[in-house]
Amino acid sequence: MSVVLRVEGVAKYFGGIKALDGVTLDIHENELLAIIGPNGAGKTTLFNVITGLRKPDRGRVLYMGRDITRAPPYKRAQMGIARAFQIPRLIYNASVMDNAVLSCLFGGKMDLNNSKKRVLEVLKLVGLEKKANELAANLTSPEKKLLEFARAVAMKPRVLLLDEIVAGMPPAEVDNIMNLVRKIAIGEKITVVAMVEHVIRAVKYADRAVFLHQGRILVEGSPSEVLNNKLVKEVYLGEIIE
Amino acid sequence: MRLILLNKHLSLIFSLLIVFVFILLRSIFPEYSQMVYFIVFYIALGLAFNIFLGFTNYVCFGYTVFLALGGYAMAHSIKWLASSLNPVLVFTIGVLLSSLYAGIVALLVGAIGLRLKETYFAIATIGLTQGLRFFIEGFRVWGGSEGLIVAGDIISNYGSEWLTTLSIEYADILVFSTAVLSIVITYYLLNSRTGYALLAIREDEEVANSFGINPVKYKLLAFMISAILGAFIGASKLLKDQAVFPAEAFSLGFTLEALVITLIGGKGTLLFPLIAGILYASLKYFLTTILPGFQLLIFAIIVIVIVELFPEGIMGWLKKKLRGRAIESILI
Ligand SMILES: Nc1ncnc2c1ncn2[C@@H]1O[C@H](COP(=O)(O)OP(=O)(O)OP(=O)(O)O)[C@@H](O)[C@H]1O
Ligand SMILES: [Mg+2]
């Protein structure tokens, strides 16, 4: 399996806080990778470094063999890296449709007609097609989350970074969403990276999981290996399982 | 969505209609040409200014500079070329030169300044006015602090009837064309790919950037368009006055007036700023002829009332607090 994205010795400090402290990670084609870890582990910061919103203090980001550490975010998006934000950041006074059309037009470099077609497809997939003409501001919280997801998927990315995709969702929805993520990961032949809050429920959909803690990857393996790891249980899952 | 779209088309038709009514009015009643010019001048100013402010949320306090540059460009064209070329060519070259002057300055200022946040950009552009004035007053070609007076050049090369033609016909044609151009460009921006990009950048620059939009590129585009349209207005004013003086050209005057129009009309839309331009111009015209000297006082009161009623208004421009609401995109 070929490596699509490689993070190499990346460190990012905020003052004295080591948000990332030497992270090295390969992400392969057609792989659904789960990054798990407690609050403040550095997951969002890792995504920010991959998408270019933050420059790392050390290390490199390689995309299809190319060093993109210095490339601005919009170039990375045009190269096929898409991202759904942890807390939805939509264009609230634009329609649901327009929110997603935007990513097709620019990130996906499609024309307006194809963008609209593509967005309708994706909105159907996540069940938002009836709200296509609604203002994004009028959506419920889970719907906003779904639109955030749809916007990233719509541009047909090669790398899809989903930050806390099931956080705040009702437990019953977790399986639906993870099935969807799985389907997209396989169907569209793109690399998907997800990180999860409903960890135990969601992580089994991944091909591989890594455990991030205090800016370092401490455990890596199949989802069940990572879930059953002693350290993971101690510092992270202990309180969840009780 | 359909409603919004319909509104957008309607607003284009209405806006063009309004300007054509003024053109018609002027050709039927030439005695009103002064007043019509005055009103269309402020329509154009409000719309041109709004193309930058409304679509990006950035305020350029140095906007007057672009009007000044348009004036100087037209003056240069007359001073340098009137002896060898006919007036139509000199006018045309003056218009081209004004877009060149304003385009270059906007490009230089924007390429650096538009990487800053809105508030810092606003502050930096106040410096621009002073800096450019200093530069112009120091150089002979710009006429130093005495400015450039072109009436003599026009009379000696073309005769005095051309003085009237340029100041009444050509100045009016230029300001009318600028108003129409501003309307068409605003409409285009509201409905195009570029418009999508600007909307996204205005609402959340990091998100826009994350989805493939180069923020500086699009902000720069809006800035340059707005600057060049401003220069056309300034070039027209030069033909009206046949002179440009740095003290007046580099005052904050037109920037503040444009801000008041935007304050009345709202940003990023077409019909509202246009109507605001008409309201502002009519009121100013009325006040300067009926109550000369009082217009400033009355405008101060109007601004205070508006700010009182919409306290988030002015601060919003500076702080991006006033993010567009649902109503804003419907009331195009
Ligand atoms: N802009 C910032 N300024 C200062 N500290 C920051 C900043 N962004 C993140 N941090 C800190 O870096 C660390 C990693 O944060 P990050 O958001 O990447 O974690 P996370 O794994 O995404 O956590 P969460 O589960 O809360 O989303 C935290 O200690 C956080 O407080
Ligand atoms: Mg996070």
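For chain B, the longest principal axis of the C-alpha atoms and the axis of helix B:2-28 are separated by about 20°. The relative contact order of segment B:2-329, computed from alpha carbon pairs under 8 Å that lie at least 6 residues apart in sequence, is 34 percent. Spatial offset of segment B:239-259 relative to segment A:145-169 amounts to 51 Å, using the alpha carbon center of each. Computed over segment B:23-81, the P(r) tail beyond 20 angstrom holds 49 percent of alpha carbon pairs.
Based on DSSP, what percent of beta bridges with both residues in chain A are antiparallel, to the nearest 5? Expressed as a percentage, antiparallel bridges in chain A total about 60. Selection among A:Gly221, A:Ala206, A:Gly108 by position relative to the dipole of segment A:104-228 gives A:Gly108 as farthest towards the positive end (Cβ unit charges, Cα centre). For the pair segment B:66-131 / segment B:190-226, the C-alpha centres are spaced 23 Å from each other. Per-residue Cβ neighbour counts within 10 Å put A:Val126, B:Val175, A:Val235 in the sequence A:Val235, A:Val126, B:Val175, beginning with the fewest.
Compared with the dominant Cα axis of chain B, that is its longest principal axis, helix B:271-290 is turned about 50°.
Would you compute, from DSSP H runs of 4+ residues alone, the mean residue ellipticity of the protein assembly as shown at 222 nm, taking -39500 (n - 2.57) per run and dividing by the full residue count, rounded to the nearest 500?
Numbers: 26 runs with 346 residues, N = 574.
Rounded to the nearest 500, the figure is -19000 deg cm²/dmol.
Could you compute the net charge surrounding A:Ala150? Neighbours are other residues with a C-beta less than 11 Å from the C-beta of A:Ala150; K and R count +1, D and E count -1. With Lys, Arg at +1 and Asp, Glu at -1, the neighbours total +2. With the cut-off at 30 Å, report for segment B:2-329 the share of all Cα pairs above it, as a whole percent. Considering segment B:2-329, 33 percent of its Cα-Cα pairs are separated by more than 30 Å. Spin-label model, B:Leu17/B:Leu96: points 7 Å from Cα along the beta carbon direction are separated by 3.8 nm.
Across all directions, the average projected area of the convex hull around the alpha carbons of chain A is 12.8 nm².
Using the Cβ-Cβ distance between A:Ala137 and A:Asn39 with R0 set to 30 Å, the FRET efficiency from 1/(1 + (r/R0)^6) comes to roughly 0.60. Between A:Leu231 and B:Ser156, what FRET efficiency comes out of the Förster formula 1/(1 + (r/R0)^6) with R0 = 60 Å and r the beta carbon distance, rounded to 0.05? The calculated FRET efficiency here is 0.05. Could you work out which residue, out of B:Leu239, B:Leu297, B:Leu108, moves most in a Gaussian network model of chain B, that is, has the largest mean-square fluctuation with Cα springs under 10 Å? Highest fluctuation among the options: B:Leu297.
In degrees between 0 and 90, to the nearest 10, how far off the longest principal axis of chain B does helix B:253-265 point, with axes built from Cα atoms? Approximately 40 degrees, to the nearest 10. The distance between label points at B:Thr164 and B:Leu10 comes to 4.5 nm (points 7 Å beyond Cα on the Cα→Cβ vector).
The distance from the alpha carbon centre of segment A:80-106 to that of segment A:24-59 is 20 Å, rounded to a whole number. About its Cα centre, chain B has a charge dipole of approximately 840 debye under the convention of +1 per Lys or Arg Cβ and -1 per Asp or Glu Cβ, with nothing else charged.
Tell me, what is the FRET efficiency for A:Asp67 and A:Ala172 to the nearest 0.05, using R0 = 30 angstrom and their Cβ-Cβ distance as r?
Taking R0 as 30 Å, the efficiency between A:Asp67 and A:Ala172 is 0.10.
The alpha-carbon atoms of segment A:90-155 define a convex hull whose volume equals 64 cubic angstrom per residue. Each pair of Cα atoms in the protein assembly as shown enters the Kirkwood radius, and Stokes-Einstein at 25 °C and 0.890 mPa s then converts it into a translational diffusion coefficient of 93 µm²/s.
Using C-alpha pairs below 8 Å separated by at least 6 residues, the relative contact order for segment A:90-155 is 49 percent. Put simply, the amide H of A:Val4, placed in the peptide plane, has neighbours under 5 Å in A:Ile27, A:His28, A:Glu29, leaving out anything fewer than 5 places away on its chain.
Each value in this text was obtained by applying a stated rule to the coordinates, not by laboratory testing. These numbers come from a predicted model, not from an experiment. Counting neighbours? That spans all protein chains shown, and the Cβs are built from the backbone with ideal geometry, glycine included.
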